[in-house]
1. For B:104-113, what's the mean count of beta carbons from other chains sitting within 10 Å of each residue's beta carbon?
2. Against the longest alpha carbon principal axis of chain A, how many degrees, from 0 to 90 and to the nearest 10, is the axis of helix A:71-102 turned?
3. So, how do all the Cα-to-Cα distances of chain B break down into 20 Å bins, in percent, from 0 on up?
4. Across peptide A:25-38, what mean number of C-beta atoms from other chains lies inside 10 Å of a residue's C-beta?
5. Helix-only mean residue ellipticity at 222 nm, the protein assembly as shown, DSSP H runs n ≥ 4 weighted -39,500 (n - 2.57), per residue, nearest 500. What is it?
6. Mind computing the radius of gyration and Dmax over the alpha-carbon atoms of chain A? Å is fine for both.
7. As an exercise, identify the GluC sites (Glu not before Pro) in segment B:34-143 lying in DSSP coil whose Cβ has no more than 10 other Cβ atoms within 10 Å.
8. Taking chain B as a Gaussian network, Cα atoms linked when under 10 Å apart, which of B:Gly69, B:Gly186, B:Gly211 shows the biggest mean-square fluctuation?
Amino acid sequence: MRPGPERSLLADLPRLLLLGFGALLVLAPYLWMLSASLKPGGEIFRDSLSLWPERFHALENYGKALREVPLLRFLLNGAVVCLAILALQLLFAVPCAYALAKLRWCGREAMFALVLAGLLIPAHVPALPLYAGFAAAGLLDSYAALVAPFAISVFGIFMFRQAFRSLPDELIQAARMDGMGELGIVWRVVLPNAWPTATAFATFSIVAHWNDLFWPLVVVQSPAMATPALGVLFFRAEEAGNDVGALMAASVIVTAPMVAFFLLAQRRFIQGVATAGLKG
Amino acid sequence: MPDALPGGFAAPLLRQPAQAGLGEAAAGWLLAAPAALALFALLLGPSLMLLALSFTDWELGADGLRWIGLGNYAELLEDDSFLAALRNTLLYVAVVMPASIGLGLGVALLVEGGTRLRAAFRAIYFLPVVSLLVAMATAWQFLLHPTIGPVNRLLGLFGITPVNWLGSSDWVLPSLCAIGVWENLGYVVVLFMAGLIAIPAELYAAAEVDGARSGWARFRLVTWPLLGPTTLFVVTITAIRCLRVFDTVAALTKGGPNKASEVLLHVMYKEGFTYFRIGYSAAITAVFLAVVLALMLLQTRILDRRVHYA
């Protein structure tokens, strides 16, 4: 139950075997996706079970994937959208969280109640009216439509408020004595002192919006505006979508950035996504 | 002369809160105002509007809208697609949630039960959570392909006849559930691992002194009760994640064959954003919201009882 002193390898073997078997099942789609992306179509049809290709077809598959649809454009769109969303979320949430955590003002309780109410509402609920609004404003199929609905993150406000509350008041008093304004305190004193929360929130936000399919599917029509998640659907709709090797290559290309990012910063990622579970 | 008083800085200290009070209130308002406005414009306002729209017959592009009361909700009760979606969504939650939680708890206990490869296993099991689900769904589609898919090829080695995993109405929902467990497992594992680490080691020692020698006894007497709050949290979060199932359906089955994999958000998407029946789609969204809120209410109820009677 509890990791006691290091057990012998033999005693640990059942644990390792069970976990290893499970890990293999979890990794199976990644392994076969990678494998198929390296194989020529004929080989996939003949023997899809073996992982190692007899003849490498990687250049053709990946070349075709990149030629058929603007995959790199999708990745760029994804990066632009995620970073813009994150920047706006911080811009709105951090000052508000500071006001909720450290300042006394009438209306504070009411504002916090609204934030808690907001936590209960899944993002799909305001989607229809927002869509109608963007359509009326002629803003569909634009970065603005992809980014704006997520500018406010109630979860971000909540998370930062909890973190800011545990900062010592003396820190803020000292900054005031130094003649710092409240905005300066927010960005130059309070936020840097809550850095773990900020990085956890950032990873959570980026993962959530990189992977989001619903909203891009709603507002985007042209491939030029597609995010990676939507890009996969565009690719499948193309003729090349029937070419398993190229399709798997395209899937590898859009999956790779976030997986690489995750492997580089595992701890932060797990912390961010797990502590942010509240709004998934 | 305040300055002449002993402890001369007491006066400014006394005065300061009053001054700061006004300034502080103004600062509080100013700092919170942008977020408050955005909250109303982007989340609370549209959500209220959605509820109002669910009582109208508005269609995008139509000239006007009429208030039809519960008309949309009455239509829902006779809509085969919606009823199939509601049934399938609840079935999906009822399968994926307990399966992910049971397996996730097992994996978390095993991972935490030793020191070898702990970080590696945690990373592997967590990988699906950060992977682009649409792309991985595409990989699953290849794995589950009726003729060239490795799964059927593997089963073929044991003489099992190929199954049309995503194409037959009997198998499509179980297949999507399997992908759902794969997708949610790592999430549950990480949450349970955090809960396990928080259990003080002394409790296990104490339980052992009291005669809880077997691993199962220690699990029953220490781990499971202390994991209670974590479990409740995991149940709610996983249930809500499962309720939102959309990506795999939109990418792989579009609700088919014959509505066998239709789910709430997919019907809502189709009605609202491809047929532009906004009012009707709003009613489906309202049902979705009601289910989510009911789950959260249930969680707080159980939490309250725990606090009061435990």
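1. 3
2. Helix A:71-102 sits roughly 20 degrees off the main axis of chain A.
3. 23, 43, 26, 7, 1, 0
4. Details: counts 4, 10, 4, 6, 15, 6, 3, 7, 7, 1, 2, 5, 1, 0.
Other-chain Cβ atoms within 10 Å of each residue's Cβ, averaged: 5.
5. Details: 27 runs with 394 residues, N = 590.
Here the helix-only value at 222 nm equals -21500 deg cm²/dmol.
6. Calculated on Cα positions, Rg and Dmax stand at 23.6, 76 Å.
7. Sparse-neighbourhood loop GluC sites (Glu not before Pro): B:Glu78.
8. B:Gly211
Where a number appears in this text, it was derived from the coordinates with a stated rule and is not lab data. In this text the structure is predicted, and so the values were computed from the model without any measurement. Neighbour counts run over all protein chains shown; Cβ positions are idealised from the backbone, glycine included.
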